[in-house]
Amino acid sequence: MRLPWLALGLLLSGIEAEERFLSFELDSGGWNNVRTGVETAAVIAAALNRTLVLPPPDGVYLLPEPVDVGAWLDFGRVRAVTMREFLARRGAR
């Protein structure tokens, strides 16, 4: 079964190519909500054999500076690229 999207802001890329991607948005809550959302997206990306597209750094409730999840979390065996890298690879459409 092919799903065009998943709930909670997770978006499966509609790009038909060898490499497939999963992008998501950061939660607007605190760090724990952000971390849980990123971990969930990483698990889904691994299960679907997709490259995880990390969102650009963004503000998180009660933290003084924008959070760059790629710098804060170790994605282990999950393939991950930044949004900038994704757009450079696929071309801004």
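The values are calculated or read from the model by the stated rules, or taken from the named source; none is laboratory data. Predicted model only: the values in this text are computed from it and were never measured. Cβ coordinates were reconstructed from backbone atoms using ideal geometry, including for glycine residues, and neighbour counts include every protein chain displayed. These accessible areas exclude ligands, DNA and RNA; they are computed on the full protein's heavy atoms, side chains included. Shrake-Rupley method; radii C 1.70, N 1.55, O 1.52, S 1.80 Å.
Couplings for segment 52-69, taken from phi via the Karplus curve 6.51 cos²θ - 1.76 cosθ + 1.60 with θ = phi - 60°, read 7, 9, 7, x, x, x, 8, x, 10, 3, 6, 9, x, 10, x, 9, 9, 4 Hz in order; Gly and Pro are left as x. Computed from the C-beta positions of LEU62 and GLU18, the FRET efficiency with R₀ = 41 Å rounds to 0.50.
Protein-only accessible surface at a 1.4 angstrom probe places the residues ARG90, ARG50 in the order ARG90, ARG50, largest first. Each peptide in 30-43, 56-69 receives the mean, over its residues, of other Cβ atoms within 10 Å, and ordering these scores from highest gives 30-43, 56-69.
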